[in-house]
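The values are calculated or read from the model by the stated rules, or taken from the named source; none is laboratory data. No experiment lies behind these values; they were computed from the predicted model shown. Glycine also receives a Cβ, built like all others from the backbone with ideal geometry; neighbour counts cover every protein chain displayed. Keep in mind that these areas ignore ligands, DNA and RNA; they rest on the heavy atoms of the full protein, side chains included. Shrake-Rupley method; radii C 1.70, N 1.55, O 1.52, S 1.80 Å.
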Amino acid sequence: MPIARPEPNSADIGLIGLEVMGKNLALNMADHGFKVAVYNRTTAKTEAFIAENPPGVIGPGGALIPAAELKDFVRSIRAPRRIVLLVKAGGPTDATIDGLAPLLDKGDVVIDGGNAEWNDTVRREKALGEKGILFVGSGVSGGETGARFGPSLMPGGRPESWKLLEPVWRAIAAKVDEKTGRPLEGAAPGKPVKGGVPCTTYIGPGGAGHYVKMVHNGIEYGDMQLICEAYHFMRDSLEMSNAQMSAVFREWNTGDLDSFLVEITADILGQKDPAGGGDFVDAVLDAAGQKGTGKWTINSALDLGVPAPTMAEAVFARNISAMKAERVAASKVLAAPARHHHDHGQTQRNWVECVRDALYCSKICSYAQGFALMGAASRANNWGLKLGEIAMIFRGGCIIRARFLQKIFEAYQRSADLSNLLLDPYFAGVIERNQHNWRAVVARSAVDGVPVPAFASALSYFDSYRSARLPANLLQAQRDYFGAHTYERVDRPRGEFYHVDWPDPKRPQARV
């Protein structure tokens, strides 16, 4: 059925982009009583979306108001207009804004909910601001299910932009229990969750919202790689079956490692292949894809001089996994280490405990790197990020939601200016108690030839951070020798630099 022209000022908010995320977010807003104008460049998608969601499936008070033309879509939204964009990042977002901006009035706000690079958000806010139009760059995490029933939302921009958006974002965000921080569940079409603390807050000015979403994704890369390394070790070193590992992950999900990613790992390992009689995970090609946000995170860490080795190794692990044909060829040339027989009775049970401890300790270090990076970016850009509040909004709705985030929230409640999570008494105590098992897993992995780059880099990060003296004294001496880069002395104040008049390394010197 052709789309009728909507009535002027009939919608509370508008949404452009009716792919999976856009459709689900529109339904989420409608379920919470908002009248949502919807538009897609391809009108057939708008027509199909409305046909699939007649008024009877929308929550009380809400509605979907379709428009076939962009000018009719804009005209249907009450001023000051709030318009959410959920279109492909990059050029398509710029093209959508270019088409939309001439139709808007001063004081209207555009909200980019895509996976934008944060510097693009800064540029777009400046360009629209010159026209009197407000702009919000908001991270939206949780995938299609989160968008439909409650995502984690990370808005950045001017405070007045957030004031316009806040009633909607707080309504549709995931909710967690105020005391425990556990996600509130049970949302269904037309029946949103009531009560609880919403997983959204004002992040900061400019590109702060999309920056935090970017680091969230970098942490997500680390989490996924660490889980994969636990799986790899149990599969290859401990020779456990998929069913056994599924049971282990399910048990871990009842304790400190309780998280969305551990939960779905248990499900995946227990899934049978729908195309055959074997296990599903064994039918999946070991070549990982990526969309670039992990790389953006590492690039930013390099620019700011913040060590983020675990997230970097997670990106590189995806890169080397994609070299499938080359790895297969190399496996026929490069010898693996000789494997030793291990007792799989009591010893195996203890090794599973070791893997659990290695996963938790590595996870702490990975998050420590991510939160330290956000802190450095906040200082560099004068964003004033509240890291405790960011941990709070990660507790529900997003891909990295986990019980563990309540501990991070509590750490920043104890010390808002905490320089590194490893210095918090809780996290320091966890690693002190469990680092022996962590080291055992990394050591055995090296002996068995099982690659654990994220486990190992997290351990090296911890050992480097706790070391009062690193070998960089020799490195700096080398730099002074070949490049006259100078050095500081341990017996002089910081900031005083010295140089040795080294001999020419090409000219033989007398040895005495």
- Note on the structure: the chain accessible area per residue, 1.4 Å probe, protein heavy atoms, integer Å², reads 48
- Message: Solvent-accessible area of K163, probe 1.4 Å, all protein chains present, reported in Å² to the nearest ten, please.
- Response: 140
- Would you calculate the volume per residue, in Å³, of the smallest convex hull containing every Cα atom of the chain? 217
- Query: What does the highest-first list of 34-46, 470-482, 85-97 look like by mean Cβ count within 10 Å?
  - Reply: 34-46, 85-97, 470-482
- Would you kindly find the accessible area of T486, with a 1.4 Å probe and non-protein molecules such as ligands, DNA and RNA excluded, rounding to the nearest 10 Å²? 40
- Listed by chain and number, the residues whose amide H is under 5 Å from that of G139, excluding neighbours fewer than 5 places away on the same chain and using placed H, are M154, G156, H210, K213
- Query: Rounded to a whole number, what % of the accessible area of the chain do carbon and sulfur atoms account for, probe 1.4 Å?
  - Reply: 55
- Query: What is the helix-to-structure angle for 20-31, meaning the angle in degrees between its Cα long axis and the longest Cα principal axis of the chain, kept from 0 to 90 and rounded to the nearest 10?
  - Reply: 60
- Query: How large is ³J(HN,Hα), in whole Hz, for each residue of the stretch 432-440 in order, when computed from phi with the Karplus curve 6.51 cos²θ - 1.76 cosθ + 1.60 and θ = phi - 60°, using x for Gly and Pro?
  - Reply: 4, 6, 10, 5, 4, 5, 4, 5, 5
- Message: Restricting to Cα pairs below 8 Å that are 6+ residues apart, what does the relative contact order work out to for the chain? Please round to a whole percent.
- Response: 13
- On Cα atoms only, tilt of 118-129 relative to the major axis of the chain in degrees: 30
- Task: Name the aspartates and glutamates eligible as straight-distance cross-link partners of K191: C-alpha to C-alpha under 16 Å, and not fewer than 8 places from it in the same chain.
- Result: D31
- Task: Mind giving me the nanometre distance, one decimal, between the label points for N119 and D98, set 7 Å out from Cα along Cα→Cβ?
- Result: 2.0
- Message: Using amide H atoms built in the peptide plane, which far-off residues or other-chain residues are under 5 Å from L15 H to H?
- Response: A37, V38, Y39, V84
- Could you give me the ³J(HN,Hα) list for the stretch 47-64, computed from phi with Karplus coefficients 6.51, -1.76, 1.60 and θ = phi - 60°, whole Hz, x at Gly and Pro? 4, 5, 4, 5, 5, 6, 10, x, x, x, 9, 8, x, x, x, x, 6, 10
- Sorted list, accessible surface of protein heavy atoms, 1.4 Å probe, largest first, for E488, E220, E263 is E263, E488, E220
- Given G99, A127, N253, which one lies farthest toward the positive end of the charge dipole of the chain, if we put +1 on the Cβ of every Lys and Arg and -1 on the Cβ of every Asp and Glu? A127
- Task: Find how many whole Å separate the alpha carbon centroid of the stretch 80-150 from the alpha carbon centroid of the stretch 189-257.
- Result: 27
- Using the beta-carbon distance between E144 and A428 and R0 = 45 Å, what value does 1/(1 + (r/R0)^6) give for FRET efficiency, to the nearest 0.05? 0.75
- Message: Using only Cα atoms and rounding to the nearest 10 degrees, what angle (0 to 90) does helix 208-232 make with the longest principal axis of the chain?
- Response: 50
- Message: Using only DSSP helix segments of four residues or longer, with each worth -39500 (n - 2.57), what per-residue ellipticity at 222 nm results for the chain after dividing by its residue count and rounding to 500?
- Response: -16000 deg cm²/dmol
- Item | 4 °C / 1.567 mPa s Stokes-Einstein diffusion coefficient of the stretch 384-512, Kirkwood radius on C-alpha pairs, µm²/s | 67
- Query: So between A443 and Q476, what do we pick up on full extension, going 0.36 nm a residue minus the alpha carbon distance?
  - Reply: 8.9 nm
- Query: Using modelled amide H (1.01 Å from N, peptide plane; none on Pro or chain starts), what sits under 5 Å from the amide H of G204, excluding residues fewer than 5 places away?
  - Reply: G157, G209
- Query: About its Cα centre, how strong a charge dipole does the chain have in debye, to the nearest 20, once Lys and Arg get +1 and Asp and Glu get -1 at the Cβ?
  - Reply: 620
- Task: Return the subset of K88/K386; K88/K324; K88/K194; K35/K163 for which the Cα-Cα distance in this structure is over 23 Å, preserving the input order.
- Result: K88/K386; K88/K324; K88/K194
- At q = 0.12, 0.13 1/Å the base-10 log of I(q)/I(0) from the Debye formula over the alpha-carbon atoms of the stretch 138-275 is -0.62, -0.71
- Considering only the chain, percent of DSSP beta bridges that pair antiparallel, nearest 5: 35
- Message: Sort H216, H232, H436 by heavy-atom solvent-accessible area, probe 1.4 angstrom, most to least.
- Response: H436, H232, H216
- Message: What number does the stretch 234-381 give for Rg over Rh if you use C-alpha atoms and the Kirkwood radius?
- Response: 1.01
- How big is Rg to Rh over the stretch 75-217, alpha-carbon atoms, Rh as the Kirkwood inverse-mean-distance radius? 0.98
